[in-house]
Structure formats: structure tokens, C-alpha cells
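To start, the structure under review is shown below, and the notes come after it.
The values are calculated or read from the model by the stated rules, or taken from the named source; none is laboratory data. The model shown is predicted, which means the values in this text are computed figures rather than measured ones. Quick reminder, even Gly has a Cβ in these numbers, built from the backbone with ideal geometry, and neighbours come from all protein chains shown. Note: accessible area is taken over every heavy atom of the protein model, side chains too, but ligands, DNA and RNA are not part of it. Shrake-Rupley method; radii C 1.70, N 1.55, O 1.52, S 1.80 Å.
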Amino acid sequence: MRQPLVIGNWKMNGRRHEAEDLLAAVVRGTADLVSVGIAVCPPYLYLPTALGVLGATGAIACGAQDVSAYTDGAFTGEVSAEMIRDIGCRFAIIGHSERRTLFGETDAVVAKKFARAQEAGLTPVLCVGETAAERDQGQTELVVSRQIEAIVAECGAASLAAAVLAYEPVWAIGTGRAAAPAEAQRVHAFIRRVVARHSTSAAQALRVLYGGSVKAQNARDLFIQDDIDGGLIGGASLLAAEFVGICRAAHLG
Ligand code: PEP
């Protein structure tokens, strides 16, 4: 049995007092959901604030939205995975489509970031997914398997067993147009088959989250699919009632 996991990606949004208010409401709203893993990924600057509000209970974990591909050193403006782990984070989102498309991160760079995160003791949340054009050309499987194989080439297949994957079709992110549950399930099952080519036990243990316009209202239909183990949530993670509703759907799903 894979424990469901819901992760909020706040992106570059909010101010400190909003982070405090949002987290306090999420803590209140999810206190009884012991069977669901929950994490939030605020902007770097607000990670200490979030860790302070979430306290030592560990019920809701913190993660970063990215890590440097380098270890500590002369890399102005970068934040290392070791630093993120040092302050108490447990997760790091790696290879989000906004990093790939807006900041030119290649599969090779993403694989290095994945490696740095794992070396530091963080659980990488590897984002994979096709653009609208790639989907239209029938390349979804090709793109997703290429993105996963880049990790295997850099870090080995065993690394996937200690990671989380997030299938995030780029055309569904922030558009209000989530993938239909059956379509998402088909790609999630494919992802598990790609991992199974290397390790069947890793494929079974791996949590594969769906991301892309998940809301409280559509979450359950996605989360009840066999190979969908929860969600990576963007916009809706900024609204306490929505995010709590999504965590509750994972509890039921
Ligand atoms: C995301 O950016 O990871 C995401 C899933 O965004 P949204 O939920 O807003 O589509």
C-alpha cells in the first residue's frame, strides 16, 4: 500500500504573513488526516517561517521548489540541497516544467539536481510531462520515458525507489484544464512500467503524483485511479479551503 501524498507548490507567491495564515489554516483543517502525507513548498525565503509554523510535529513537511545542481561553493545566487536539508526540509521539487521551459533546464541539469537532492537526504519530487504540442504529436510516452531515463543514467535505477514522481502535463498546469482521470491513469501506469523495466519493486513502491489544475472538486476522481498516489498542487495550494479539500480527497481516495 502506498501512502497518498499531497504536495503544495506555492511558486513565487505570497508574503510572510500570508504564509503564516495559510499554514495555520491548513494545519487546523488537516489535523485528523493521519493517513495522508502532506507537504508544502513555499518560496525559499519563507521556508524558515513555514518550518516555524509547522513546528516539530512533522505532520506537514516542508520542501523547496528547486535545488542547485552544485554542491556548496562559488555559485552566486544558488541554494544548495545541503542548505535546504540543514534547515529541516524533507522534499525538493526537481525539474518542474516552469524550470525546464522558462529557465532552460535540460534533462541533464535536472538529473544533476535530482542527484544533489538525494545526496543531501532530501526526497526529490521529479516532475515529468509533455507539452500540448508533444501530446498532439502523440509523443507523451516518448517524452516522459526520456525524462525518467535521464535520471536512471545519472543516478541509477535504485534512486527512483527513494523518490517521488509527479506527472504534470504542461498543458494542464495553471490552465484549469486537468487531464481526464482515465488519461492521467494511462500515463501513470506507463510511468510505472518504465520504472519496472529497471526494478519491479521500485515501480511498485514509487509514489506517482498527478499535477495540473487539481482542485478540491476534481481531486477525488483523479486520486481513486489505481496508479495515482496523490497530487502536486499549484494554484489551489494557495487557498486553505481548496488545499484542505484536496488533502481530504486523498484521504478518501
Ligand atoms: C504545478 O505548477 O505544479 C501545478 C500543478 O500547478 P496548478 O495546480 O496551478 O495547475
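Residue ranges 89-97, 183-191 sort as 89-97, 183-191 when ordered by packing (mean number of other C-beta atoms within 10 Å per residue, highest first). Note on region 1-158: with neighbouring protein chains present and a 1.4 Å probe, carbon and sulfur make up 55 percent of its accessible heavy-atom surface. Of the DSSP H helices in the chain, those with a Cα length along their own long axis of 15 Å or more and a mean Kyte-Doolittle hydropathy reaching 0.0 comprise 140-155, 181-196, 240-252. Past the 30 angstrom mark, what percentage of all C-alpha to C-alpha distances in the chain do you count? For the chain, the share of Cα pairs beyond 30 Å comes to 19 percent.
Accessible area per residue for region 5-252 is 43 Å², calculated with a 1.4 Å probe on protein heavy atoms, without ligands, DNA or RNA.
Please identify which residues in region 205-240 have an amide N closer than 19 Å to a label point set 7 Å out from the Cα of ALA182, following the Cα→Cβ vector. Under 19 Å, as judged by backbone N against the label point of ALA182, lie 218-228 of region 205-240. With springs only between Cα atoms under 10 Å, which of LEU126, LEU51, LEU165 fluctuates most in a Gaussian network model of the chain? Most flexible of the set in this elastic network: LEU51. Assuming R0 = 25 Å, can you tell me the calculated FRET efficiency for the pair ALA74 and GLU119, based on Cβ-Cβ distance, to the nearest 0.05? Once the sixth-power term is evaluated, E becomes 0.85. In this structure, GLU20 and LEU45 have a Cβ-Cβ separation that, at R0 = 22 Å, corresponds to a calculated FRET efficiency of about 0.95.
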